[in-house]
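Since every read-out is calculated from the coordinates, none of them should be taken as a lab result. Please read these numbers as outputs of a predicted model, since none were measured by experiment. Ideal geometry is used to build each Cβ from the backbone, glycine not excepted, and the neighbour counts take in all protein chains shown.
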Amino acid sequence: MSLSEADFAYVAGLVRRESAIVLSPGKEYLVEARLLPVARQAGAASLADFLDALQRRPDPAVHRCVVDALTTNETSWFRDREPYTALSGTVLPELVSARTATRTLRIWSAACSSGQEPYSLAMTVQQDLPAGWRYHVTATDISTEMIGRARSGEYSQVEVNRGLPAPLLARFFTPSGTGWRISPALRENVTFQQMNLAAPLPSMAPFDVIFLRNILIYFDVETKRTVLRNVGRLLRPDGYLFLGAAETTIGVDDSFERVAIGRTSAYRPRVPVPANTGGNR
Ligand SMILES: C[S@@+](CC[C@H](N)C(=O)[O-])C[C@H]1O[C@@H](n2cnc3c(N)ncnc32)[C@H](O)[C@@H]1O
C-alpha cells in the first residue's frame with residue numbers, strides 16, 4: 001500500500017513545523033519506510049490508520065517519534081577527515097595561543113547524531129591540548145533517540161569499524177559485551193542535550209569551535225539563514241565554524257567569511273568594515 005498524497009502532505013507539514021526538515025515530493029518512499037515501524041509499534045493496522053488517528057488526536061509524544069523517524073542520522077568517526085586535520089594542524093594551535101588566560105576551549109557539535117562527531121572532537125582535542133588545559137564539548141541534536149544513544153557511549157563493532165583508527169579505539173574505549181564503550185576520561189568532557197536548531201536557541205556561553213556539519217542540507221534557504229544567524233551569535237569573534245562538504249554560508253549569510261585550511265575550509269565571523277574608512281568629509 002502506498003502513501004496517499006494527503007497523508008504525505010500531512011507528514012511533510014508536521015515534520016517541517018517541528019524540525020524545519022523539508023520533505024519534498026518524491027520522498028514518499030522514505031516516509032513510508034521510516035514510519036511503518038512507528039505505526040506497527042503503536043499497534044496500528046496500517047500506516048494510513050496510524051496517520052488518520054494522529055490527525056484526529058494529535059499527540060506531541062507521537063509527533064516527536066514521527067520527527068525522530070524522519071531525521072537522517074548518517075554519521076561516522078572523523079567524518080571526511082579533513083576538518084579534523086584542520087582542527088589539529090591550524091585551529092587548535094591558534095586557539096591555544098589566543099586562550100592562555102583561561103586555558104579552556106569550548107566546542108559545540110550542533111547536530112551530533114549518535115555521537116561519533118562529538119567524541120571524535122573530544123579525542124582530537126584531548127590529544128592535542130597542552131597539559132593543564134580544559135575543554136568541553138556540548139553535543140546537541142533534535143532526535144531524542146540519537147541523544148540517548150550518543151549519551152550511552154556504546155558502539156557496536158560495525159560502528160567502530162567506520163572510521164575509528166585502531167590506536168584510538170585502544171586508547172579511548174573499553175570492551176563492552178560484543179561492542180565498545182567510550183572511556184570515562186573522554187565521556188566526562190562531553191554533555192548531551194536535545195535541541196532544535198531551527199527554534200530559538202537556549203542561552204549558552206560562546207564557543208571557540210562549532211561543528212554544524214551535514215544538517216543545513218535538510219533545510220530551505222530561509223531556515224539555513226536563521227540557523228546560521230543563531231549559531232553565529234554563539235561563536236566567538238575569533239572562533240571557527242565547520243560545515244559539511246556540500247554546505248556553505250556563501251549566498252546565505254554574509255556575516256561569515258570562508259577561510260581555506262589545508263584541503264578544507266572553515267568559516268569565521270567577518271570583521272565588520274568601519275562605515276567611514278577615511279573618506280572625504
Ligand atoms: C546527517 S546527520 C549529521 C551528523 C553529524 N553532524 C555528521 O556530520 O556526521 C544530521 C543530524 O541532524 C539532526 N537534525 C535534523 N534536523 C535538526 C534540527 N532542526 N535541529 C537539530 N538537529 C537536527 C538529525 O537528527 C541528524 O542526527
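Quantify how much of the Cα-Cα distance distribution of the chain extends past 30 Å, in percent. Result for the distance tail: 37 percent. Net length available on complete extension from Arg81 to Val271 is 65.6 nm, with 0.36 nm assigned per residue and the Cα-Cα distance removed.
Per Stokes-Einstein, at 10 °C and 1.306 mPa s, what whole-number D in µm² s⁻¹ belongs to the stretch 1-47, with the Kirkwood radius over Cα pairs as the hydrodynamic radius? Translational diffusion coefficient: 144 µm²/s.
Label separation (Arg99 vs Asp220): 3.8 nm, computed from points 7 Å beyond Cα along the C-beta direction.
Can you check what the Kirkwood hydrodynamic radius comes to for the stretch 202-281, Cα pairs only, in Å to one decimal? One decimal place: 13.7 Å for the Kirkwood radius. Taking every alpha-carbon pair in the stretch 1-101 and binning the separations at 5 Å intervals from zero gives 2, 11, 19, 18, 10, 6, 6, 7, 7, 6, 5, 2, 0 percent. Taking Cβ atoms as reference points and 13 Å as the exclusive limit, the residues near Leu216 contribute a net charge of 0, counting Lys and Arg as +1 and Asp and Glu as -1. Each of the peptides 9-16, 135-142, 109-116, 182-189 was scored by the mean count of other Cβ atoms within 10 Å over its residues; in descending order, highest first, they stand as 109-116, 135-142, 9-16, 182-189. Rg over Rh for the stretch 124-261 works out to 0.98, both radii taken from alpha-carbon positions and Rh defined as the Kirkwood radius.
Each residue, Gln157 and Thr72, gets one label point 7 Å from its Cα in the Cβ direction; the gap between the two is 3.0 nm. Approximating the spin labels as points 7 Å out from Cα along Cα→Cβ, the Ser176-to-Arg229 distance works out to 4.0 nm.
Build a GNM of the chain with springs between Cα atoms under 10 Å apart, and of Gln193, Gln126, Gln41 the one that fluctuates most is Gln41. The stretch between Glu5 and Asp254 holds 85.8 nm of extra length on full extension. This uses 0.36 nm per residue minus the Cα-Cα distance. Calculate how steeply helix 47-56 sits against the longest principal axis of the alpha-carbon atoms of the chain, using the helix alpha-carbon long axis, and give the answer as 0 to 90 degrees to the nearest 10. Taking the Cα atoms of the chain, the angle to 47-56 is about 80 degrees.
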